[in-house]
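Worksheet: one structure, shown below.
The values are calculated or read from the model by the stated rules, or taken from the named source; none is laboratory data. Since the model is a prediction, treat every value here as computed from it, not as a measurement. Here the Cβ is made from the backbone with ideal geometry for all residues, glycine too, and neighbour counts use every protein chain on show. Please note that ligands, DNA and RNA were not included when accessible areas were found on the heavy atoms of the full protein model with its side chains. Shrake-Rupley method; radii C 1.70, N 1.55, O 1.52, S 1.80 Å.
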Amino acid sequence: MKKILITGGAGFIGSHVVREFVNKYPEYHIVNLDALTYAGNLENLKDIENKPNYTFVKADITDAAHILAVFQEHQPDGVIHLAAESHVDRSITNPTAFVMTNVIGTVNLLNAAKEIWKDNFEGKRFHHVSTDEVYGTLGESGLFREDTAYDPHSPYSASKASSDHFVRAYHDTYGLPIVLTNCSNNYGPNHFPEKLIPLCIHNILNNKSLPIYGDGKFTRDWLFVIDHAKAIDLVFHNGKNGDSYNVGGFNEWQNIDLVKELCKQVDEKLGRPQGTAAALITFVKDRPGHDLRYAIDATKINQELGYQPSVTFEQGLSVTIDWFLNNQEWLDNVTSGDYQKYYEGQYVGNS
Ligand code: NAD
Ligand code: TYD
């Protein structure tokens, strides 16, 4: 049986990757390693937690000794690494946490894999999950390709860029078998309400203002989270050793247009007059160092591995809004406690 260790499997994207692998590959054993920070939530995996091919291990990737012990105990053949501090705004207030988890944590995982595989890399693979933000910002035109130079601006993207470099360095120096994916912005069920789309859905449901940074003309390329999980599955199994693959949906939206579309769909679903949610839109102070535009050229993964997103943005957004409307208890749980402090620090008085 193939053993695959997935880090960050209790988070937003990780939980969809764990589910995809547990359900699709009953012959594999999936070990989900997660520290359960504010962003990790085992509620995300209720439907699969009792499957015989699934194990959860609570561990912090900054703890090198514990990570090595977990690798020695479970002897994974493959690693899919998603654990990270993932929010740009939090990286601006606490960059060190991002260095610790995203850089040191990644190196601890690489060391543990190298140690237990003992230079016998046959049938082994370390898949590092990264972001398009490592490429920096685009102007009005152009797309990020795999050979675009790294130019990160935020502490988050700098820490992810550094982790990508370490993963490649372990390939080039020690021959560790690796693949990388650099994906655009994800959205979907279980998205933590610190990011734009779930934050706006949560605020609409609570009749709170929808904070748009700057002039709202910043552009992101949005991909449904399950389509990211499918891309990870493809690259993990069929990607070329040592290569990276950009993942995106050719789906660019300016923030203000995206939030207006979201408002329109929520009003429709709640049977309210159009304009009710949009009246909550409020322009607030811009994010420092805010990247203008991200957009992925996904030609390589499409041509080499036959990858295609399975849903349109309209479909994906509709499924996402429905999920939040049907899971208000999940939203209430994750927005109680520490979230309130975060929200006040980030938004109150910031207009
Ligand atoms: P998330 O913040 O929702 O989840 C992160 C998970 O990692 C949580 O379960 C958390 O408990 C865990 N974690 C954090 N620190 C840890 C530590 N020290 N040890 C062990 N576990 C720890 O993040 P996400 O949005 O699901 O992103 C997952 C990965 O995908 C990240 O590597 C991120 O950089 C990358 N990514 C995210 C996006 C996006 O739009 N969200 C896009 C491209 C790439
Ligand atoms: P976010 O979801 O934080 O993802 P990222 O910064 O990783 O792209 O932000 C997406 C875009 O939305 C980004 O341009 C910042 C903007 N934004 C707002 O305008 N208001 C908000 O409250 C948030 C969280 C983001």
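Of the residues examined, residue 274 is not one that is closer than 30 Å to residue 141 by Cβ, modelled with pLDDT of 95 or more and exposed (fewer than 15 other Cβ atoms within 10 Å of the Cβ).
State which residue is nearest to residue 247 (Cα to Cα) when the search covers only region 2-36 and only residues that are open to solvent by 60 Å² or more (accessible area, probe 1.4 Å) and free of Cβ contacts under 8 Å to residues at least 40 places away in the same chain. Among residues in region 2-36 that are open to solvent by 60 Å² or more (accessible area, probe 1.4 Å) and free of Cβ contacts under 8 Å to residues at least 40 places away in the same chain, the one nearest to residue 247 (Cα to Cα) is 23. Is it fair to say residue 218 is within 15 Å of ligand 1 (Cβ to nearest atom), of a type in the set (A, V, I, L, M, F, W, C) and closer than 24 Å to residue 140 by Cβ? Yes.
Residue 198 satisfies every condition listed in (1) surrounded by fewer than 21 Cβ atoms within 10 Å (Cβ to Cβ); (2) in a helix (DSSP H, G or I); (3) of a type outside the set (Lys, Arg); (4) within 19 Å of the chain's Cα centre (by Cα) except (1).
Yes or no, residue by residue, for (1) without any contact (Cβ under 8 Å) to a residue 12 or more places away in the chain; (2) crowded, with 18+ Cβ neighbours inside 10 Å; (3) within 29 Å of residue 177 (Cβ to Cβ):
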residue	(1), (2), (3)
211	no, yes, no
216	no, no, no
222	no, yes, no
231	no, yes, yes
245	no, yes, yes
249	no, yes, yes
252	no, yes, no
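For region 117-129, a tally of residues being crowded, with 24+ Cβ neighbours inside 10 Å and either among the hydrophobic types (A, V, I, L, M, F, W, C) or within 16 Å of residue 298 (Cα to Cα) (or both) returns 2.
Only a single item in (1) open to solvent by 70 Å² or more (accessible area, probe 1.4 Å); (2) at pLDDT 95 or above is not met by residue 341, and it is number (2).
Answer yes if at least one residue in region 173-182 is of a type in the set (Val, Ile, Thr), within 16 Å of the chain's Cα centre (by Cα) and within 9 Å of ligand 1 (Cβ to nearest atom), and no otherwise. Checked against the condition, which is being of a type in the set (Val, Ile, Thr), within 16 Å of the chain's Cα centre (by Cα) and within 9 Å of ligand 1 (Cβ to nearest atom), region 173-182 yields at least one hit.
Results for (1) out of contact with any helix residue (DSSP H, G or I) (no Cβ under 7 Å at 6 or more places or on another chain); (2) of a type in the set (Asp, Glu); (3) without any contact (Cβ under 8 Å) to a residue 40 or more places away in the chain; (4) away from ligand 2 (no atom under 16 Å from the Cβ), shown as yes or no for each residue.
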{"position": "54", "(1), (2), (3), (4)": "no, no, yes, yes"}
{"position": "71", "(1), (2), (3), (4)": "no, no, no, yes"}
{"position": "93", "(1), (2), (3), (4)": "yes, no, no, no"}
{"position": "100", "(1), (2), (3), (4)": "yes, no, yes, yes"}
{"position": "103", "(1), (2), (3), (4)": "no, no, no, yes"}
{"position": "109", "(1), (2), (3), (4)": "no, no, no, yes"}
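Which one of these does residue 170 not meet: (1) assigned to a loop (DSSP other than H, G, I, E, B); (2) open to solvent by 10 Å² or more (accessible area, probe 1.4 Å)? Of everything listed in (1) assigned to a loop (DSSP other than H, G, I, E, B); (2) open to solvent by 10 Å² or more (accessible area, probe 1.4 Å), residue 170 misses just condition (1).
Reported count of residues in region 234-268, each being within 23 Å of residue 216 (Cβ to Cβ) and either in a helix (DSSP H, G or I) or small (Gly, Ala, Ser) (or both), is 16. Taking each residue of region 276-290 that is in contact (Cβ under 8 Å) with a residue 60 or more places away in the chain and part of a loop (DSSP other than H, G, I, E, B) and looking for partners that are hydroxyl-bearing (Ser, Thr, Tyr) and within 16 Å of ligand 1 (Cβ to nearest atom) with beta-carbon atoms closer than 7 Å, six or more apart or interchain, yields 289/154. Taken over region 187-222, the criterion of being within 11 Å of ligand 2 (Cβ to nearest atom) and either small (Gly, Ala, Ser) or farther than 24 Å from residue 285 by Cα (or both) is satisfied by 209, 214, 216.
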